[in-house]
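Shown next, in structure tokens, is the structure this report addresses.
Bear in mind these aren't lab numbers, they're just calculated from the coordinates by the rules spelled out. The shown structure was predicted, so the numbers you read here are calculated from the model rather than taken from an experiment. Counting neighbours? That spans all protein chains shown, and the Cβs are built from the backbone with ideal geometry, glycine included.
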Amino acid sequence: MRTSIYRYFTPFVTITSAALLLTACGSGSGGQDGTDASGVAAKNAEAPTADVVSGVRKDEAAAKLLPAGTTRLTVAISVGGTPPGTTYLADGKTLTGQDVDFTKAVARALGIELKVEQASFDAILPALDSGKYDFGASNFGVTDERRKTIDFVTYVNDGQGFATRKDSKLSKITDLRQLCGLNIATNAGTTFEATLEQNKHLCTDAGKKAYEVQTYAEPGAIWPSLQQGRSDIVMSTINGLRYAVAHQDGLKFLNEYHRLDVGFAFKKGTKLAPAFQAAVNKLLSDGTYDKILKKWGTTGSAIKESRISPPELKN
């Protein structure tokens, strides 16, 4: 089950949801871990609230790159978990997060209105081809596999990492065979799930018990699973893990595993990409870009320039 909440906003208006209580994507519950939007907001009450976007002005050069007649676009955003990912402010209505700030800033630079739809992370990319959404903004990592069907415009560099409980004996994970026999929690439909599933054979090839991949549609469900011992380790975004560890007791960040460029996601062959690329580069040049990263504590994810569907980073 998925409930979509619609809200229009111009580049001058805060993104909000249409109601305090939202149905969680795919679960039928009220939000992460069965809580409603207010409950999620309460957990993230300390999310930064600095306005780093309202000063962005329309960039005529970037706007001219939009297809003729483009004045409004539909964006899909996955809501849940903890900052810098998309969540709610304490009012239980206003969406906030790094992706939200970048989306609003680009909209202002292009002088367009946006229609925001909330969707589960794993539902967004498949829906782009049908035209249901014009683009997605949910920390989508750029991979060679995804580039076969999706176009990207990059705006940060994030990637894959690991975290666990402080009392765990696990240390830096450099080889997935270190995870053999363990339960690994991650989000459904992500590069993390794909990486883990594709490499399960490493354990069995070595004569060891394969690790178990535990996927969750709701990002917030991962941490209780770890803290209550149902999972041994979490694989997720580097920035998300660092934030979670800094704001929750009993956790430790292990290490970065694989860096990836992150971008706005579009239907393959989109004509929107050049305009979005120009808008991101404008944010880079006018100082807005740095303000957004500093707000969310993600300055280590800065890029030098936006690119359209670059090859997957190899590291």
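Overview of values
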| read-out | value |
| --- | --- |
| Reference-scaled alpha-carbon Rg (2.2 N^0.38 Å with N residues) for segment 159-259 | 0.98 |
| Under 25 Å from LYS132, Cα to Cα: lysines that are on another chain or at least 8 residues apart | LYS64, LYS93, LYS104, LYS115, LYS148, LYS267, LYS268, LYS271 |
| Label-point separation in nm, GLU46 to LYS166, each point 7 Å along Cα→Cβ | 1.3 |
| Longest to shortest principal axis, alpha-carbon extents of the chain, angstrom | 59, 40, 35 |
| Lysine pairs in segment 159-259 with Cα atoms under 21 Å, if 8 or more residues apart or on separate chains | 10 |
| Spatially proximal aspartates and glutamates relative to LYS282 (Cα-Cα < 15 Å; intrachain offsets below 8 disregarded) | ASP59, GLU60, ASP101, ASP290, GLU305 |
| Relative contact order [Cα under 8 Å, 6+ residues apart], the chain, whole percent | 24 |
| 10 Å Cβ shell holding at most 14 others, DSSP loop, GluC sites (Glu not before Pro): longest site-free stretch of the chain | 47-304 |
| Estimated vicinal HN-Hα couplings, Hz - segment 260-269 in sequence order (Karplus 6.51, -1.76, 1.60; Gly, Pro = x) | 9, 5, 10, x, 5, 9, 9, 4, 4, x |
| Average silhouette area of segment 274-315, convex hull of alpha-carbon atoms, in square nanometres | 3.5 |
| Long-range amide H partners of LEU260 with built H, under 5 Å | ASP158, GLY159, GLN160 |
| Label point 7 Å beyond Cα of ALA210 along Cβ direction - residues of segment 120-150 with amide nitrogen under 14 Å | none |
| The chain: DSSP helices with Cα axial extent of at least 30 Å and average Kyte-Doolittle hydropathy no lower than 0.5 | none |
| Counted charge near LEU170, where neighbours are those whose Cβ lies closer than 12 Å (Asp, Glu -1; Lys, Arg +1) | +3 |
| Residue-span extension gain [ILE308 to LYS64] - 0.36 nm each, minus C-alpha spacing | 86.1 nm |
| Whole-angstrom gap from segment 55-114 to segment 274-299, using each part's C-alpha centre | 12 |
| Long-range amide H partners of ALA217 with built H, under 5 Å | ALA188 |
| Where trypsin sites (Lys or Arg not before Pro) in DSSP loops with at most 13 other Cβ within 10 Å are excluded, longest remaining stretch of the chain | 65-147 |
